[in-house]
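Working notes for the structure below.
The values are calculated or read from the model by the stated rules, or taken from the named source; none is laboratory data. Predicted, not measured: the structure shown is a model, and the values here were computed from it. Positions of Cβ are generated from backbone atoms using ideal geometry, with glycine treated the same way; all protein chains shown enter the neighbour counts. Remember, those area values only see protein heavy atoms, side chains included, never the ligands or the DNA or RNA. Shrake-Rupley method; radii C 1.70, N 1.55, O 1.52, S 1.80 Å.
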Amino acid sequence: MSSTLAVLSQNMSLTNVRAIVVTEIVATEDGFTRAVRFFGEPVVNGAQRLLLDVTLTSSDKASLEVSTPVLQF
């Protein structure tokens, strides 16, 4: 039996984040996917510890594009 989880609104706070990795957009049978991964302090042999892995999916590739604020110097 499968279950469904529906979160309508979520607010999370991560502390001690040391790196954020955004993967490339990949085509799947149902559309497109990419992940955003948050890493914490390094552990044994310098390997980063994964804090949170968020997988995003969409039928529209443009919906998964990431925008950042314009840099001003």
Simple spin-label model, 7 Å along Cα-to-Cβ: LEU52 to VAL7 in nm?
0.7
Answer with one residue from ALA6, VAL44, PRO69: the one whose Cα lies farthest towards the positive end of the charge dipole of the chain, charges on Cβ with Lys, Arg +1 and Asp, Glu -1.
VAL44
For the chain, shape from the Cα gyration tensor axes a ≥ b ≥ c, cut at a/c of 1.5 then a/b versus b/c, turns out oblate
Per residue of segment 50-55, in order, report the coupling 6.51 cos²θ - 1.76 cosθ + 1.60 (Karplus, θ = phi - 60°) as ³J(HN,Hα) in whole Hz, putting x for Gly and Pro.
6, 8, 7, 10, 10, 9
Explain nothing, just compute: Karplus ³J(HN,Hα) = 6.51 cos²θ - 1.76 cosθ + 1.60, θ = phi - 60°, for every residue of segment 36-42 in order, whole Hz, x for Gly and Pro.
10, 10, 10, 10, x, 4, x
Given a 1.4 Å probe, the accessible area of the chain per residue, as a whole number of Å², is 89
For segment 56-62, take each phi angle, set θ = phi - 60°, evaluate the Karplus expression 6.51 cos²θ - 1.76 cosθ + 1.60, and give the result in whole Hz per residue in order, putting x for glycine and proline.
10, 10, 7, 7, 10, 4, 4
Could you check how much of the accessible area of the chain is carbon and sulfur, as a whole percent, using a 1.4 Å probe?
53
Residues with amide H under 5 Å of ILE25's amide H, sequence separation 5 or more or different chain, H placed in the peptide plane at 1.01 Å from N; which?
none
